[in-house]
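Report on the following structure.
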């Protein structure tokens, strides 16, 4: 799967609020970081490890934001993966950088958010 196809699947899964489709994008041993992980009490360093913890975090995120949608703005391609830049349902700009494995699954992700 190329980066553009991955981005299409990513946005389709999130905008459909399809947790299983979202999780299918990530490897079982995923390392995922976001400042919201600490804010929601999952891990003080803002990092979760493994798909079970990622599932719990994404479930909470979907529950807390019933209107959550992502509008793509850019796709940046790197040597080990890509960065998706988008706006959420509140118009806030965010980026998620993905390091990919040979199967096309995300093994490391870093979610970042624009500050005012």
> How about segment 20-43: which of its residues are assigned to a loop (DSSP other than H, G, I, E, B) and either under 24 Å from residue 7 (Cβ atoms) or in contact (Cβ under 8 Å) with a residue 40 or more places away in the chain (or both)?
Replying inline: 24, 25, 34
>> Exactly one of these conditions fails for residue 102: (1) within 21 Å of residue 2 (Cβ to Cβ); (2) modelled with pLDDT of 95 or more. Give me its number.
In response: (2)
> So is residue 9 surrounded by 14 or more Cβ atoms within 10 Å (Cβ to Cβ) and part of a helix (DSSP H, G or I) or not?
Replying inline: yes
> Which residue pairs have Cβ atoms under 9 Å apart, sit 6 or more places apart or on different chains, and have a first residue in segment 88-116 that is at positive phi and in contact (Cβ under 8 Å) with a residue 60 or more places away in the chain and a second that is assigned to a loop (DSSP other than H, G, I, E, B) and surrounded by 12 or more Cβ atoms within 10 Å (Cβ to Cβ)?
Replying inline: 104/1; 104/25
> Among the residues of segment 44-64, is any crowded, with 16+ Cβ neighbours inside 10 Å and part of a loop (DSSP other than H, G, I, E, B)?
Replying inline: yes
>> Can you pull out every residue in segment 70-87 that is touching a helix residue (DSSP H, G or I) at 6+ places or on another chain (Cβ under 6 Å), surrounded by 13 or more Cβ atoms within 10 Å (Cβ to Cβ) and either modelled with pLDDT under 95 or under 12 Å from residue 6 (Cα atoms) (or both)?
In response: 75, 82, 84
> In segment 65-75, how many are in a loop (DSSP other than H, G, I, E, B) and either within 13 Å of the chain's Cα centre (by Cα) or farther than 17 Å from residue 12 by Cα (or both)?
Replying inline: 2
>> If residue 47 meets every condition in (1) in contact with a strand residue (DSSP E or B) (Cβ under 9 Å, 6 or more places away or on another chain); (2) closer than 15 Å to residue 105 by Cβ apart from one, which number is that one?
In response: (2)
> Which members of segment 94-116 meet the condition of being surrounded by fewer than 15 Cβ atoms within 10 Å (Cβ to Cβ) and not in a loop (DSSP other than H, G, I, E, B)?
Replying inline: 113
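The values are calculated or read from the model by the stated rules, or taken from the named source; none is laboratory data. Fair warning: this is a prediction, and the values are worked out from it, not measured in the lab. Glycine gets a Cβ as well: all are built from the backbone with ideal geometry, and neighbour counts include every protein chain shown.
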